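**Q** One structure follows; several queries about it will come next.
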Amino acid sequence: MQVKTPWLEHMEGIPAHLEYFQGTMYEAVEKIAEKYPNYIAFDFMGRKTTYKTMMENVNRCARALRTIGVREGDRVTIALPNCPQAIYMFYAVNLVGAVSNMIHPLSAEKEIENYLNMSESVTAITLDQFYGKFEKIRANTKVVNIIIASVKDELSRPLKAGYMLTSGRKVEKIPADAPVIRWRDFMRLDRCCFFNYKVERKAEDPAAILYSGGTTGTTKGIVLTNLNFNALGQQVIAANPMFKPGDKMLAAMPLFHGFGLGVCVHSMLSQGGRCILVPRFTAKSYAKLIVKEKCNFIAGVPTLYEALLRLPSMEGSDLSCLKGVFSGGDSLSVELKKKLDKFLKEHNAPIQVREGYGTTETVTACCLTPPHTFKEGSIGVPFPDTYIKIVKPGTDEELPYGEEGEILLAGPTVMKEYMANPEETAHTLRHHADGMTWVYTGDLGIMDSDGFIYFRGRAKRMIISSGYNIYPGQLENILDACEDISMSCVIGVPDNYKMHAVKAFVVLKPGVPPTEETKERIMEYCRERVAKYAMPREIEFRTDLPKTLVGKVAYRKLEEEEETRRDEEKQAMV
């Protein structure tokens with residue numbers, strides 16, 4: 001049985017197949033560093049670092065990791081923003097044969113504890129401002145060493161002075177006797193390791209763990225290999241033949257997300273690109289950096305681009321430097337694409353925005369609008385060696401062109417497994433008669449006869465807010481554990497800026513008054529357990545929640561009620 005590949009006729013200069021590097025992620029970057037030692041690998045707040053210097057620091061970091069006892073197969077948690085220490089640590093962990101466990105530094109304490117325990121991490125690195133959260137839950141984990149980095153350690157002298165007078169003043173001072181290793185002290189430990197720190201690993205060995213809700217909405221650690229990341233890097237560049245070594249990518253998407261780690265960082269560093277590292281950004285700072293740094297490639301979520309269009313500071317800006325503008329993480333509406341394309345043209349950009357699609361189970365993007373053509377409403381065509389088919393949901397029955405079904409993915413970026421979860425792995429990764437292993441995404445879509453894919457929605461229950469995946473089931477579990485709450489249901493509601501925001505419907509326990517004080521108490525409870533981006537924007541008290549015939553909470557009914565209420569409010573305003 002052969003997979004249908006109608007998109008191959010529309011690739012125009014993009015190869016259908018590639019020869020993939022069979023080494024590690026570190027080795028892929030090492031090869032580039034040997035070829036372009038004096039090229040700039042990344043910029044961080046005005047400070048430039050060459051490939052040669054970057055690799056020297058990665059090797060120092062690797063020797064220090066060996067000194068503190070990190071060994072092959074160990075898990076090291078990296079909870080950092082986009083900063084040099086994160087780059088050094090990520091590739092150093094790979095060099096010593098360990099696995100990077102990438103998590104959001106703004107995660108709530110209980111979430112961090114869960115990530116550390118799920119991965120069985122022995123070492124963790126985070127910023128000084130997050131020390132308190134790690135210290136509170138440390139005793140409940142297997143973590144031996146916590147390394148504390150600081151943004152100021154990687155700043156030039158003038159910027160360091162400014163940082164200490166502004167943002168640095170807000171960082172709570174860590175006790176001098178705190179049981180941690182400061183970044184500079186950690187890096188000096190490299191002098192205690194002289195050899196045997198480089199561990200030979202294969203392309204198919206685990207390299208990193210990213211987190212997603214899988215197909216059920218409960219947190220899953222997605223185990224990704226060296227080949228997964230290296231293949232993605234080669235595919236991204238193949239799908240962008242205008243790329244040249246030295247080109248600049250604005251790396252604002254976070255490193256705990258496949259988009260940020262896979263596309264904005266590893267794809268660039270493994271192919272000779274230059275990353276403009278952005279540790280924390282707003283639409284205003286994002287816009288400023290595009291112009292100031294003359295970026296060639298930018299990636300973002302639709303909400304970011306929506307905000308970009310409204311910025312007065314962009315008036316008169318010259319964007320002729322752009323070679324690629326990519327949108328992912330959420331659906332790009334036809335209207336927003338038209339507005340963004342018009343904006344780009346008015347600012348001298350010679351290109352249009354290109355929409356992509358992917359899942360963390362394939363690192364990130366695996367489908368992208370070609371540079372030379374697009375179809376309205378389409379998310380493009382698969383990357384080289386990546387295959388997509390549309391099936392009747394949950395089956396292997398392929399549907400005819402134009403019929404809606406579940407999107408299935410196959411190719412060299414498909415994950416190794418869900419960490420310590422063979423049941424969900426077997427449910428998501430399935431071997432078909434065509435000889436390929438397919439990811440059942442739980443997303444709905446259509447393929448036309450030219451092979452262009454059209455995203456139609458999430459079959460699995462998920463809220464996307466500012467590009468972040470939020471799983472209602474996780475939030476409901478947290479809310480239901482609150483001593484004031486009997487039952488809860490979480491849905492996504494439209495938001496002008498975030499696209500969607502979280503709304504929680506709550507049934508209180510007998511005797512608990514439905515007051516503003518109770519609401520604030522529940523919000524405070526959530527702040528301790530829920531990441532900022534997933535916090536409920538609104539809590540509505542109910543005496544009961546609608547149920548399905550089998551007794552489950554009918555969240556679709558609540559979504560319909562919200563939609564009706566919004567329609568009535570709009571009509572009342574007319």
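The values are calculated or read from the model by the stated rules, or taken from the named source; none is laboratory data. Quick caveat, the model's predicted, so the values are computed rather than measured. In this analysis, Cβ positions are derived from the backbone assuming ideal geometry, glycine residues included, and neighbour counts consider all displayed protein chains. Side chains are part of the model used for accessible areas, which takes the heavy atoms of the whole protein and leaves out ligands, DNA and RNA. Shrake-Rupley method; radii C 1.70, N 1.55, O 1.52, S 1.80 Å.
**Q** Check the range 5-12 and report whether any residue there is part of a loop (DSSP other than H, G, I, E, B), among the β-branched types (Val, Ile, Thr) and under 25 Å from the mean Cα position of the chain (by Cα).
**A** Scanning the range 5-12 turns up no residue that is part of a loop (DSSP other than H, G, I, E, B), among the β-branched types (Val, Ile, Thr) and under 25 Å from the mean Cα position of the chain (by Cα).
**Q** Being closer than 18 Å to Val223 by Cβ, touching a residue at least 12 places away in the same chain (Cβ under 8 Å) and buried (at least 21 other Cβ atoms within 10 Å of the Cβ): is that true of Ala62 here?
**A** On the way: closer than 18 Å to Val223 by Cβ: no; touching a residue at least 12 places away in the same chain (Cβ under 8 Å): yes; buried (at least 21 other Cβ atoms within 10 Å of the Cβ): yes.
Criteria not met by Ala62.
**Q** In addition: Spot the failing condition for Thr395; the list is (1) in contact with a strand residue (DSSP E or B) (Cβ under 7 Å, 6 or more places away or on another chain); (2) without any contact (Cβ under 8 Å) to a residue 40 or more places away in the chain; (3) in a loop (DSSP other than H, G, I, E, B), and only one is missed.
**A** Every listed condition holds for Thr395 apart from (1).
**Q** For the range 269-321, what are the residues that are buried (at least 21 other Cβ atoms within 10 Å of the Cβ), assigned to a loop (DSSP other than H, G, I, E, B) and among the aliphatic types (A, V, I, L, M)?
**A** Residues satisfying the conditions are Val278, Val301, Leu319.
**Q** For the range 224-264, enumerate the residues that are of a type in the set (S, T, N, Q), within 26 Å of Phe374 (Cα to Cα) and touching a helix residue (DSSP H, G or I) at 6+ places or on another chain (Cβ under 9 Å).
**A** Passing the criteria: Gln234, Gln235.
**Q** Show the residue pairs that are 6+ apart or on different chains and have beta-carbon atoms under 6 Å apart, the first residue being within the range 88-110 and more than 14 Å from Arg201 (Cα to Cα) and of a type in the set (A, V, I, L, M, F, W, C), the second being open to solvent by 10 Å² or more (accessible area, probe 1.4 Å) and modelled with pLDDT of 95 or more.
**A** Ile103/Tyr115
**Q** Continuing with the same structure: Kindly indicate the residue of the range 402-412 that is over 14 Å from Asp443 (Cβ atoms) and free of Cβ contacts under 8 Å to residues at least 60 places away in the same chain and also most open to solvent (accessible area, probe 1.4 Å) among those meeting that condition.
**A** Within the range 402-412, the match that is most open to solvent (accessible area, probe 1.4 Å) is Glu403.
**Q** Moving on. Restricting attention to the range 252-268, and to residues there that are modelled with pLDDT under 95 and under 16 Å from Ile298 (Cβ atoms), which single residue is surrounded by the fewest Cβ atoms within 10 Å (Cβ to Cβ)?
**A** Result: Gly260.
**Q** I'd like the full set of residues that are touching a helix residue (DSSP H, G or I) at 6+ places or on another chain (Cβ under 6 Å), at pLDDT 95 or above and of a type outside the set (Val, Ile, Thr), limited to the range 91-110.
**A** Listed by number, the residues that qualify are Tyr91, Ala92, Asn94, Leu95, Ser100, Asn101.
**Q** Being loosely packed, with under 14 Cβ neighbours inside 10 Å, free of Cβ contacts under 8 Å to residues at least 12 places away in the same chain and among the polar types (S, T, N, Q) is the requirement here; does Thr543 meet it?
**A** no
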